[in-house]
Amino acid sequence: MGTIEGRKPRVVLVPFPYQGHITPMLQLGAILNSRGFSITVAHTEFHSPNPSEHPEFIFLPLPDNLSGCETSYINSLNGISAMNTNSLARFHDFMVEMLEMQEQHGQVACIVYDTLMHFVDEVATRLELPTVALRPNSAAYLRSQHVISQLQADNLIPLPESQLQDAIPTHHLLRFKDLPFPVNAEIPNILLDFFTSYANIRSSSAIIWNTVDMLDHESLTKLQQHYKVPIFPIGPFHKMAPIFNTSLITEDTNSISWLDKQAPNSVIYISIGSIAIMDKKELIEMAWGLANCNQPFLWVVRPSSVSGSEWIECLPEGFEEMTRERGCIVKWAPQKKVLAHPAVGGFWSHSGWNSTLESMCEGVPMICRPYFSDQVVNTRYLTHVWKVALQLENNPERRGIEKAIRTLMGDKEGKEMRQRALKMKQELELSIRRGGSSWNSLENLVEFIMSFTQ
Ligand code: UDP
């Protein structure tokens, strides 16, 4: 491949269309753009990113026939094969055009893709283009998927209940009960296929990771031995990239003006991310826990995140009057700004990976209420490895919630967690500065991608 004079090399990005995956892909685009690459984003029409937020990128919509698809986790798994089938031809034709127009648009250095969009590998192989896999979640999570695949291959699922508390010999910071899905029951084939497909980097020449060596060192080392291609942990992306909005839902900016009126470190911020769903009983228990703890709160209740409800119509009668002076409920918040706000003292989270990184980067200790998948693994690390969070059990009740909030926001244990979280924040800042692990890794990545243009 010859370098095309006077044109920046181009990287084509293909995200998986869910908030927790699109955000890091766009952030990666901004990071690479700031390092001299032109960026094209090939995206499904479903959950399309907003091109006006990224005028410097070229956007290519791919047909997916998924409009109206519900955003539940299992539905997203069902949608994966449809996306892969429906997007392939358009993506292929687009890449052919792009290769023909390299004089005008810059040489295509490589395609970076989310491994759930595996049609990319087929197109890239046909056109002899290099690919790089992007992992938007932790290395520990990918290892936990390997554990499940191995248990399945060894015919050990369902595992006896009595073994769930045991440490996993090949992933000793986790217990069997910390795996992304319960292994004491049969695991549906759709999930097993998902793990296999997601873990498969196909012909990728390298892996880019939205993680940090200090958080994930052991897993990165193990996975390096497994995948045998260069690994570039250059996270946290949101601190490496210029700030911009990647939300698929409109952010309610009243959250910030409301926070401006609150005392430092007084507010508990609550959000369960973009996919998790709770039942009405849990919403009601949360409401009573919040009403009884007397702590100011900013609560994101995403529309349709309570099964059988459109929004907050099933809150207990009197709740809004009772908490009007110290509570604010919104549909979607500018989360990174919220977590960086001095009024926020704690984050009650589902422990998605982006939320985990965003909270740790601001030194905010957490209450974890994981629902499924990597949230369970992240929770174990947050509570027992980094020790910056406490965990609420599944189906939490009002007394447990009240106690957890009081512990996090008030007592000695909470103060110790805050100290550790602040220390973690400083260490994460060092990793992205010149000479830090993510900084160095990014330097190497830029050199690696440039080598495709020689
Ligand atoms: N988020 C947001 N506003 C909200 C709730 C979430 O901007 O009100 C963002 C959050 O900052 C994070 C993403 O949505 O970047 C959620 O990703 P995560 O990996 O934490 O969880 P997922 O949604 O994938 O379960």
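The values are calculated or read from the model by the stated rules, or taken from the named source; none is laboratory data. Being a predicted model, the structure only gives us computed values, none of them experimental. As a convention, Cβ positions derive from the backbone with ideal geometry for all residues, glycine included, and neighbour counts pool all protein chains shown.
Could you list, in sequence order, the residues of the range 297-340 that are in contact with a helix residue (DSSP H, G or I) (Cβ under 8 Å, 6 or more places away or on another chain), touching a residue at least 60 places away in the same chain (Cβ under 8 Å) and outside any strand (DSSP E or B)? Once the filter is applied, which keeps residues that are in contact with a helix residue (DSSP H, G or I) (Cβ under 8 Å, 6 or more places away or on another chain), touching a residue at least 60 places away in the same chain (Cβ under 8 Å) and outside any strand (DSSP E or B), the range 297-340 yields ALA333, PRO334, GLN335, LYS336, LYS337, VAL338, LEU339. The selection criterion, being in a helix (DSSP H, G or I) and surrounded by fewer than 21 Cβ atoms within 10 Å (Cβ to Cβ), holds for HIS146. Annotation note: of ILE270, ILE275, the sole residue that is within 20 Å of ASN354 (Cα to Cα), in a loop (DSSP other than H, G, I, E, B) and either modelled with pLDDT under 95 or of a type outside the set (S, T, N, Q) (or both) is ILE275.
Given the criteria in contact (Cβ under 8 Å) with a residue 12 or more places away in the chain, within 22 Å of ALA291 (Cα to Cα) and not acidic (Asp, Glu), does ALA343 qualify? When the stated conditions are applied, ALA343 passes them. Within the range 21-44, residues that are within 23 Å of GLU358 (Cβ to Cβ) have Cβ atoms under 6 Å from residues that are within 16 Å of the ligand (Cβ to nearest atom) and among the aliphatic types (A, V, I, L, M) in these pairs: GLN27/ALA241; ALA30/ALA241; ILE31/MET240; ILE31/ALA241, counting only partners at least 6 apart in sequence or on another chain.
Considering only residues in the range 110-143 that are in a strand (DSSP E or B) and not aliphatic (A, V, I, L, M), the one that is surrounded by the most Cβ atoms within 10 Å (Cβ to Cβ) turns out to be TYR113. Within the range 252-267, the set of residues being outside any loop (DSSP other than H, G, I, E, B) and not small (Gly, Ala, Ser) comprises ASN254, ILE256, TRP258, LEU259, ASP260, VAL267. Counting only residues that are farther than 14 Å from VAL300 by Cα, within 6 Å of the ligand (Cβ to nearest atom) and of a type in the set (Gly, Ala, Ser), the range 346-362 holds 1 of them.
Kindly evaluate SER87 against the criterion of being more than 16 Å from the ligand (Cβ to nearest atom), of a type in the set (Gly, Ala, Ser), outside any loop (DSSP other than H, G, I, E, B) and modelled with pLDDT of 90 or more.
So SER87 passes the test.
Quick check: is even one residue across the range 349-361 surrounded by fewer than 19 Cβ atoms within 10 Å (Cβ to Cβ), of a type outside the set (Lys, Arg) and out of contact with any Pro (no Cβ under 8 Å at 6 or more places or on another chain)? So far as the range 349-361 goes, no, none of its residues is surrounded by fewer than 19 Cβ atoms within 10 Å (Cβ to Cβ), of a type outside the set (Lys, Arg) and out of contact with any Pro (no Cβ under 8 Å at 6 or more places or on another chain). Just one of the listed residues (ALA340, ALA276, ALA291) is within 21 Å of ASN395 (Cα to Cα) and within 16 Å of the ligand (Cβ to nearest atom), namely ALA276.
Taking each residue of the range 403-418 that is over 13 Å from SER266 (Cβ atoms) and looking for partners that are at pLDDT 95 or above and basic (Lys, Arg) with beta-carbon atoms closer than 7 Å, six or more apart or interchain, yields MET417/LYS387. Taking residues in the range 225-253 that are without any contact (Cβ under 8 Å) to a residue 40 or more places away in the chain, and partners anywhere that are in a helix (DSSP H, G or I), the pairs with Cβ atoms closer than 7 Å and at least 6 places apart or on different chains are ILE231/LEU220; ILE231/LEU223; ILE231/GLN224. The condition of being near the ligand (Cβ under 10 Å from one of its atoms) and of a type in the set (S, T, N, Q) holds for only one of SER304, SER255, that being SER255. When ILE249, ILE284 are checked against the criterion of being in a loop (DSSP other than H, G, I, E, B) and in contact with a helix residue (DSSP H, G or I) (Cβ under 9 Å, 6 or more places away or on another chain), ILE249 stands alone in meeting it. Among residues that are modelled with pLDDT under 95 and either within 16 Å of the ligand (Cβ to nearest atom) or among the small types (Gly, Ala, Ser) (or both), ASN78 is not included.
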